[in-house]
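This report concerns only the one structure given below.
The values are calculated or read from the model by the stated rules, or taken from the named source; none is laboratory data. It should be emphasised that the depicted structure is a prediction, and the values quoted were computed from it without experimental measurement. Backbone-built Cβ (ideal geometry, glycine too); neighbour counts: all protein chains shown. All accessible areas refer to the heavy atoms of the entire protein, side chains included, with ligands and DNA or RNA removed. Shrake-Rupley method; radii C 1.70, N 1.55, O 1.52, S 1.80 Å.
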Amino acid sequence: MERQTRLIQEQIDEITDGIEEVKYTQGDRFTTRQLERTKKNLEARLRKLQANHRKDDVVTFEELGVDRMFVDESDNYKNLFLYTKMRNVAGLSTTDAQKSSDMFAKCRYLDELTGYRGSIFATGTPISNSMTEMFSIQRYLQYNRLEQLGMTHFDSWASRFGETTTALELAPEGTGYRARTRFAKFFNLPELMSLFKEVADIKTADQLDLPTPEVEYHTVASKPTEIQKEMVKELSKRAETVHGGIDPHIDNMLKITGDGRKLGMDQRIINPLLPDEPGTKVNRCVENILQFWRDGQEDKLTQLVFSDISTPKAAPSKRTLRGASGKLDDPMLHALENAIPLDEPKPPFTIYNDIKQKLIAGGIPPEQIAFIHDANTEIRKKELFSKVCKGQVRVLIGSTQKMGAGTNVQDRLIALHDLDCPWRPRDLIQRKGRIERRGNNNEKVHVFRYVTEDTFDAYLWQTIEKKQNFISQIMTSKSPVRSCDDIDEASLSYAEIKALCAGDPRIKERMELDMEVAKLKIMKADHQSQQFRMEDNVLTRFPAEIKQNREFVAGLRADMETLAAHPHPPLIVPAAAAEPDAENHAPAETAAELTTGFAGMTIKGTTYDTREKAGAALLDACAALAETKGRESVEIGSYRGFSMHIQLEMFSAVSLTLKGQMSHKADLGSNPTGNITRMDNALDKMPGRIQALLRQIDNLNQQMEAAKAEIGKPFPQEAELQQKSARLIELDAELNLDGKSSDISSEQAEQQSAKSPRPSVLESLKRPLPSREKRTEKSKPTQQER
């Protein structure tokens, strides 16, 4: 309990700091209220944890002696507490699950015990729904690394790796559009993946290359019935009423969402008295199941049907129907009750029972059809899976939760049917993983996805597309790019389904145009930035650098003259007598050796005429400076016409600079005479530095001429951008964004899609520059080392 108390208190302290930061930066009141509400909730949890009546004497986790924890299907712990100052950003979940907080406490405890190596997570879908889950994984497994990088707060993490984008989306009611802000783009992907892979070993299907069957996808789009069309319109009216303000107990978007999902499945889920019309996606699913059942009779091929809506419910008992509530305790009344025959209670309508009855009517024996919900124990589930693998049960119907992860019945599976669209990409992956699995005896399998046009299905597939978009950018075996927001192959199939659901070809056209216009605008912005940058370079940067480099050349040439005026004097040293010649027994001729002397060095007023003395005095001056611990440059003397300056660098190192009109730096060592050689070498580099500067001046002149030739060129795809932007605005007006009229003329379209161009300075560049006397003389740059 002490550790949990400390963790909650740490979270309270972090939020308190966040509140103070928002107030200091004069942030909006909404963010402050939101953080204060979160703080109160945490304080309530802390009081509840510290309450006396909550204490018990059972064995604690620490007392169990656990030093390594393996967590399978770790994505079940994704809802870990976080707080953020962001507002109105879809896809950010700040909900907190008790099991996730408990897991976080255990991971922190094992981190302390094992040095951040005590927790191992395993899952096939680490990021199942939103980008906050990746941050949660890093908090679980590398909290210390986030602390080192200052990213324990979600806002800090998101500011480095994520970006919010605002785009038009189909409204949930399926009849219009709205603008929504979401996390749909990642930046700095190489750094993010490098950080993530410190704790993650990602293995994708293309890396493992397991012997799995080829999957053929089929999208079955059904036209809505007239009743469904009317009910969709009613959903739209209800949504408008909710947006306008209504008591949430009467109606809210959650109720509308639930009814929209049910309506997209079958109108009888809303009202069982409505007719069962042909051509609905449920009936088309039944037709496909029967076809594969007949084709697979010889090999006893099996099929799975997924539906998270309208699952089976227990039928009411006779006792319940009779209203027995424990008061019928008279034996005669019991006898009379049992003597009155009552009809069997009619089970409530569900899609499961409807499909089963239609399959039986189509010729499938009842014993070959099963519901996963009937296997309510592990033993029964094991028996059911065995029957499916043997082909005794050939059609198994279930939900993602009960028939997803852990269902291994792939031996004879030939087809999988997705009757509805789940909320999370993880659920689709888990569904597909039941059939695209090692151990399937079929070389080719089929996945059917059923949608109803002009219903809530369009919004569901769009939501899945947005989520799958950023998940695919992370969970890949390929090298990540710097930033990414393109939709991958899997996401494109979701986009196609969304377009089919919408039932309007203009929607797909608008989606494609939106992406193309966005890319063209980025390209135009980059072109304009290059134009502005080239103009600035031609006007200011190139001339300034050329002038500066010419002044550096002049300074170096003056220093070379100073150096030539203070050479080392030549020194003649007599050569040693040679040995007598072996044959003539006469000594060889003696000669004098010509070597370099020493020009002398003055340090603190004392002149030294030998290298040894000058080098020793230089080291003494450096040691004296190190004792003072001063950071300023100090002049200590002169050498060959240049003043000598020493300065204490970091880690107690001392640098020496010889200054004339330019600066010449030498790195000092511990050898007295070696330091003199280093100083001479620094001065001897001046001819090479002059040549490098002259080459740089030529390069700058060439760049300036090339930039002048490019300035003023228009954006190559300007006509294409104007055309597609105008068409996009027309489509927005036709599709009636948010139910508002948006009649825009072509002139207005052009005004909205094109910004006022910045006046070019090309003409001014072509005019001759004013005389040098009329231009303002700039001060010479400070001496610096090249």
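Out of curiosity, is Asp251 part of a loop (DSSP other than H, G, I, E, B), surrounded by fewer than 16 Cβ atoms within 10 Å (Cβ to Cβ) and modelled with pLDDT of 90 or more?
no
Yes or no, residue by residue, for (1) at pLDDT 80 or above; (2) within 19 Å of the chain's Cα centre (by Cα); (3) surrounded by fewer than 18 Cβ atoms within 10 Å (Cβ to Cβ); (4) under 14 Å from Ile8 (Cα atoms):
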| position | (1), (2), (3), (4) |
| --- | --- |
| Lys78 | yes, yes, no, no |
| Tyr83 | no, yes, no, yes |
| Val89 | no, yes, yes, no |
| Leu92 | no, yes, no, no |
| Met103 | yes, no, no, yes |
| Glu112 | yes, no, yes, no |
| Gly115 | yes, no, yes, no |
| Ala122 | yes, no, yes, no |
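Cβ-Cβ below 8 Å, separation at least six or inter-chain, first residue in the range 272-288 and on the phi > 0 side of the Ramachandran plot, second surrounded by fewer than 17 Cβ atoms within 10 Å (Cβ to Cβ): which pairs?
These pairs meet every condition: Gly279/Lys223.
Given the options Lys724, Lys713, name the one that is in contact with an Asp or Glu (Cβ under 7 Å, 6 or more places away or on another chain) and touching a residue at least 12 places away in the same chain (Cβ under 8 Å).
Only one candidate qualifies: Lys724.
I need a count of the residues in the range 47-75 that are under 26 Å from Tyr116 (Cβ atoms) and either at pLDDT below 75 or exposed (fewer than 10 other Cβ atoms within 10 Å of the Cβ) (or both).
Residues flagged as under 26 Å from Tyr116 (Cβ atoms) and either at pLDDT below 75 or exposed (fewer than 10 other Cβ atoms within 10 Å of the Cβ) (or both) within the range 47-75 amount to 6.
Select, from Ser670, Ser638, Ser643, Ser655, the only residue that is in a strand (DSSP E or B) and modelled with pLDDT under 90.
When all the criteria are applied, what remains is Ser655.
Sort out for me the helices (runs of 4 or more DSSP H) sitting completely within the range 359-446 that have 2 or more residues that are under 38 Å from the mean Cα position of the chain (by Cα).
400-403, 425-432
Which members of the range 262-287 meet the condition of being open to solvent by 40 Å² or more (accessible area, probe 1.4 Å) and not in a loop (DSSP other than H, G, I, E, B)?
Answer for the range 262-287, where residues must be open to solvent by 40 Å² or more (accessible area, probe 1.4 Å) and not in a loop (DSSP other than H, G, I, E, B): Lys262, Ile270, Arg284, Glu287.
Do we find a residue being open to solvent by less than 100 Å² (accessible area, probe 1.4 Å) and at pLDDT 60 or above anywhere in the range 319-329?
Within the range 319-329, not a single residue is open to solvent by less than 100 Å² (accessible area, probe 1.4 Å) and at pLDDT 60 or above.
How many residues are out of contact with any strand residue (DSSP E or B) (no Cβ under 9 Å at 6 or more places or on another chain) and either open to solvent by less than 100 Å² (accessible area, probe 1.4 Å) or within 12 Å of Leu304 (Cα to Cα) (or both) when one looks only at the range 360-374?
The total comes to 6.
Within the range 216-241, track down each residue that is under 29 Å from Phe448 (Cβ atoms), among the β-branched types (Val, Ile, Thr) and open to solvent by 30 Å² or more (accessible area, probe 1.4 Å).
Hits for the range 216-241 are Thr219, Ile227.
Against the conditions (1) modelled with pLDDT under 90; (2) within 25 Å of Leu658 (Cα to Cα); (3) not polar (S, T, N, Q), where does Glu551 fall short? Just the number, please.
Going through (1) modelled with pLDDT under 90; (2) within 25 Å of Leu658 (Cα to Cα); (3) not polar (S, T, N, Q) one by one, Glu551 breaks only (1).
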